[in-house]
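In what follows, a single structure is set out as structure tokens and then discussed.
The values are calculated or read from the model by the stated rules, or taken from the named source; none is laboratory data. This structure is a prediction, so every number in the text was calculated from the model and none was measured. As a convention, Cβ positions derive from the backbone with ideal geometry for all residues, glycine included, and neighbour counts pool all protein chains shown. Each accessible area value is taken on the protein alone, full model and side chains, heavy atoms only, with ligands, DNA and RNA left out. Shrake-Rupley method; radii C 1.70, N 1.55, O 1.52, S 1.80 Å.
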Amino acid sequence: MHLDAGEALPTKAGDVLRQGEDLGRWVQSVRLGWDQLTAVQQRMCEQVLGIEPAPEEEKPQRPRTQADKWNAHLTAARQFYEREGHLKVPRKHVETVLSEGGREDQFRLGTWVNNQRSRAAGLSPERVEQLSKVGMRWS
């Protein structure tokens, strides 16, 4: 109905509401969930409705797991060690790391290093070894 009325399809949630339905949200979900559509659905969306898949930069990033966060902090610890030559990180120190996407991520490295030191007995042997290689002094 929206297209028949000569209107362009909205691309953001909340742009167009018809009969209580959020058309913008539906279009957005189709674009972001393109890979879940069948080939026939994709073809119909493209040829009939003019909807195309969302480019990668529009797609939300997947949530980071605890392992991802730990590895990111380890990367920050490596950077600090390479620059300073030790891991005696002041408790309130925040380390800025340039991520692969060119974004600057900040880590409360001092707190994290102290927490790892106090949790040493509960860390896996792999994590203890990784931190030791970076220069962690456990006492």
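General observations
- Separation of the alpha carbons by more than 29 angstrom is noted, of Lys92/Lys133; Lys69/Lys133; Lys59/Lys133, for Lys59/Lys133.
- A 1.4 Å probe over all protein chains sorts Ser118, Ser132 by accessible area into Ser118, Ser132, starting with the largest.
- Only the Cβ atoms of Lys and Arg (+1) and of Asp and Glu (-1) were treated as charged; on that basis the dipole of the chain about its Cα centre amounts to roughly 1260 debye.
- Net lengthening on full extension, Arg64/Glu129 (0.36 nm per residue, minus Cα-Cα): 21.1 nm
- Distance histogram in 10 Å bins (all Cα pairs of the chain, percent per bin): 10, 29, 17, 13, 17, 12, 3, 0
- Mean projected area of the Cα convex hull of region 20-62, taken over all directions, amounts to 3.6 nm².
- Calculated [θ] (222 nm, deg cm²/dmol) that DSSP helices of n ≥ 4 give over the chain, each run adding -39,500 (n - 2.57): -12000 deg cm²/dmol
- Taking only protein heavy atoms and a 1.4 Å probe, the accessible area of region 52-99 is 52% carbon and sulfur.
- Accessible area, probe 1.4 Å, largest first, for residues His73, His86: His86, His73
- One decimal place: the segment Leu49-Thr111 gains 17.1 nm when fully extended, by the rule 0.36 nm per residue minus the C-alpha distance.
- Accessible area of region 41-139 divided out per residue, in Å², using a probe of 1.4 angstrom: 71
- Under the simplified labelling scheme, the Val94-Ser139 pair shows an inter-label distance of 3.5 nm, with each label point 7 Å from Cα along Cα→Cβ.
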